[in-house]
Each structure stands twice: as C-alpha cells, then as structure tokens.
Amino acid sequence: MCMSKLCNRAGSDGEDTVCEDSPKMNRNRLGRIIRTVLAEARKDSRLICGLLPAIACLDKAADETIMCLLAESRPGDSSAHLQTVLLQAFCYENYIPVIKVDSSEKLAELCGTTSDGGGGVGCQCAIITRDLTIPWNEDDNYSPPMNDVEQSLADFYEATLEEYPSPVVKLPR
C-alpha cells in the first residue's frame, strides 16, 4: 500500500505502480527540475551556496527558507560530514525539505559558483529562500509559498520521507 502522494516503485509484474489518488513523478526528470529551480532562484537572488553561508542564512531566517539541496559527503571529510548532518537535522526540525544530490561539483556548476580553473571545487549545500513576489498569508499556511516547480520538489521530498536510505537525485551537467 502506498501512503505517499507520489510513487515510483516497481510492482510484482515489473510495472511502475502509482497510488490511485496521486500523480506519478518521473524521478529521471528531477535533475532537470532542480536545474530549473536553481536557475530561477539564482536569477531572483534567492540562492545561497555553500555550507557556512547556508548555516548563517538558516540561523537568521529559517522561516524564509523553502528548500535545502545537500550534496553527498565525500568519504574522509569528517568535519564537512558533521556540519551537513547538523544542517540536515536543523532543516528537519524547521520543516525545511532537504533533497540530497549526487555531486557537489555539479551542484556548484548549476549554482554558478565554479571557478574557471575547475579543480573539483564543489558546493556542499544550496539554500533556496522564498520568492517575495508571491504573497504569503502566514495565518493560512505555516510554510512559505512556492512556485509550481519548487512545489514539485517539495512534493518529491514529502513522498520520499519514509524511504531509507534517502534517495539521491542525479544532477545533470
């Protein structure tokens, strides 16, 4: 039985199963959706890139944050791993969706923070803040308003909350 809004599980006959009352999300499109969300947020100056700037932003205005994209930690980098675990816990406590992505280098490229020299410079985390042009009546809704593309990522997050391990979205180049 499928409890989440969105499903993408294979049934016994090999076909993808879908909840009767919910649309099916093609997980292969998630990387492109993330690229679109990052491009829009970057254009509107709503994108905070990097672990320390993200932590500072969340400390000041967690209620203005709509989503966190978090790259998988590299093996052997225990300090970055500890910071990402704490960041993830903070987001969970504040009901901020956390979507894991496969590569800090690809995330940096999509955020526009790569250097010309390359060299594996990455971005561990990207925070997307709310669009101030979308009206928000805090009495009706406790979470910040999102556009349709951002909402589709939030729906994916909600649908996969009970999956273990958490799914990791493969980002496009």
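From the residues in region 51-88 that are over 12 Å from residue 129 (Cα atoms) and acidic (Asp, Glu), which one is surrounded by the most Cβ atoms within 10 Å (Cβ to Cβ)?
The extreme case among them is 72.
Out of (1) touching a residue at least 24 places away in the same chain (Cβ under 8 Å); (2) over 26 Å from residue 164 (Cα atoms), the odd one out for residue 60 is which?
Exception for residue 60: condition (1).
Which of the residues that make up region 104-117 are in contact (Cβ under 8 Å) with a residue 60 or more places away in the chain and either surrounded by 18 or more Cβ atoms within 10 Å (Cβ to Cβ) or under 13 Å from the mean Cα position of the chain (by Cα) (or both)? Quick ask: steps written out before the conclusion?
Initial filter on region 104-117 (in contact (Cβ under 8 Å) with a residue 60 or more places away in the chain): 106-107, 109-113.
Correct list: 106, 107, 109, 110, 111.
List every residue pair whose Cβ atoms sit under 7 Å apart, with the two residues 6 or more apart in sequence or on different chains, where the first one lies in region 146-165 and is within 14 Å of residue 26 (Cα to Cα) and the second, anywhere, is part of a helix (DSSP H, G or I) and hydroxyl-bearing (Ser, Thr, Tyr).
Final answer for the pair search is 149/36.
Here, each number is a calculation from the coordinates, and none is a lab measurement. Being a predicted model, the structure only gives us computed values, none of them experimental. Every residue, glycine as well, gets a Cβ built from its backbone with ideal geometry; the counts of neighbours run over all protein chains shown.
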